[in-house]
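The values are calculated or read from the model by the stated rules, or taken from the named source; none is laboratory data. Just so it is clear, the model here is predicted, and its values are computed rather than measured. Virtual Cβ from ideal backbone geometry, glycine too; neighbours counted across all protein chains shown. Accessible surface is based on the protein model in full, side chains and every heavy atom, while ligands, DNA and RNA are left aside. Shrake-Rupley method; radii C 1.70, N 1.55, O 1.52, S 1.80 Å.
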Amino acid sequence: MSVVSRDSLTPNAFGASPLAQAAPPRAFWGLFDRKERWSLSWRGRLTLFLLGVSTAALLLLNVQPFLAETHRADTNVLVVEGWIHEYAIRAAEKEFKTGSYERVFTTGGPVTGIGGYINDYQTSASVGADLLKNAGVPPESVQMVPSRIMDRDRTYSSAIALRNWFRDHNLAIHSFNVLTEDCHARRTQLLYQEALGKNVPVGIIAVSNPDYDPKDWWRYSDGIREVIGESIAYTYARFFFYPSVSSSDKEAAQAAPASR
């Protein structure tokens, strides 16, 4: 009976392939080496392609309804963003008459093109209030609440101005609905809810843009511009928006005697 020495127990003694022991090929003085890797087969690439197409189709069908949501709160207070177009003003007038509203508040900062705050009458809140009155809303039911801030967070600044107006006038508002245009609705509700807090439910009313069919928004330039633009803006507001300076402090610093 032969004795196998310990030194003879090499990898080759167990039938290991010499290729398995060979160092991988290297190039450029050992900076690169070649190794085996897994890659997608044609079936894998086809599956990935179909998943991408399905995801894109779901986005096309659902992103516009997601952004342009309508979810009313049970309230007698209506808030209208003053920058909206006349078709939305007409919808606001109809909403006021068919709903059980007692007050309408218009919000918004300095109108575009004047370079900043001049007075309350040159704000979109004032413009919106005048348009509502001309459309048939009783003047005594309309109150403009202008924001004096013009910066990139205009919707949030308008919401803060509204919150401060409620506090300054000792008006206990338990809930309200905000009426705005189309795809701006989801972001508007998010920012107004952030400003007013969780204890004040904020409903939202989206008025559809008559210039394109929401079901086929990608077929229209207006639809593409609004949906893509508001998708980016909502993503920013939802995940990256953190006011660096308190908007309430800004409003207080820039406050002027309220115009009526």
**Report entry** Cα gyration tensor shape for region 125-175, rounded if a/c is under 1.5, else prolate or oblate
**Finding:** oblate
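Order of 137-147, 110-120, 68-78 by packing, highest average Cβ count within 10 Å first?
Ranked from most to least packed, the peptides come out as 137-147, 68-78, 110-120.
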Query raised in the report: Hey, what do the phi angles of region 113-130 turn into as Karplus ³J(HN,Hα) couplings, whole Hz, using 6.51/-1.76/1.60 and θ = phi - 60°, x for Gly and Pro?
Result: x, 9, x, x, 6, 10, 7, 5, 6, 9, 10, 5, 5, 5, 4, x, 5, 5
Query raised in the report: Under a 5 Å amide H to amide H cut-off, with H placed in plane at 1.01 Å, what residues pair with Gly203 once short-range neighbours are removed?
Result: Ala73, Phe176, Asn177, Val178
Requested in this report: Could you estimate the translational diffusion coefficient of region 39-126 from the Stokes-Einstein equation, with Rh from the Kirkwood formula over C-alpha pairs, at 4 °C and 1.567 mPa s, in whole µm²/s?
Outcome: 75
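At 1.4 Å probe size, with every protein chain present, just tell me what the per residue accessible area of region 72-165 comes to in Å².
It amounts to 44 Å² per residue over region 72-165.
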Query raised in the report: Among the lysines, which fall within straight-line cross-link reach of Lys133, defined as a Cα-Cα distance under 24 Å, with same-chain neighbours fewer than 8 residues apart omitted?
Result: Lys94, Lys97
Report summary line: Counting only residues 5 or more apart in sequence or on a different chain, those whose built amide H sits under 5 Å from that of Thr106 are Val80, Gln143, Met144, Val145
Report summary line: Residue span Phe28 to Arg72: 0.36 nm per residue of separation minus Cα-Cα distance leaves a gain in nm of 9.1 nm
Report summary line: Whole-number value, in Å³ per residue, for the convex hull of the alpha carbons of region 142-243 is 121
**Report entry** Packing-based order for 236-243, 150-157, using average beta carbon neighbours within 10 Å, highest first
**Finding:** 150-157, 236-243
Query raised in the report: Taking the alpha-carbon centroid of each part, what is the distance from region 145-191 to region 34-70 in angstrom?
Result: 37
Query raised in the report: Efficiency by 1/(1 + (r/R0)^6): what FRET value for Asp216 and His169, r their Cβ-Cβ distance, R0 = 45 Å, to the nearest 0.05?
Result: 0.50
Requested in this report: Tell me the label-point distance for the pair Asp151, Glu194, using the 7 Å Cα-to-Cβ offset, in nm and rounded to one decimal.
Outcome: 1.3
Query raised in the report: Sorted by packing (mean other beta-carbon atoms within 10 Å per residue), highest first, where do 189-197, 27-35, 208-216 land?
Result: 189-197, 208-216, 27-35
Query raised in the report: Given the alpha-carbon gyration tensor of region 72-184, what are the semi-axes of its equivalent ellipsoid in whole angstrom, ordered largest first, with each equal to the square root of 5 times an eigenvalue?
Result: 21, 16, 13
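Restricting to Cα pairs below 8 Å that are 6+ residues apart, what does the relative contact order work out to for region 25-153? Please round to a whole percent.
In percent, rounded to a whole number, it is 22.
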Query raised in the report: With point charges of +1 on the Cβ of Lys and Arg and -1 on the Cβ of Asp and Glu, referenced to the Cα centre of region 42-161, which listed residue (Trp42, Gly108, Leu60) lies farthest in the positive direction of the dipole?
Result: Trp42
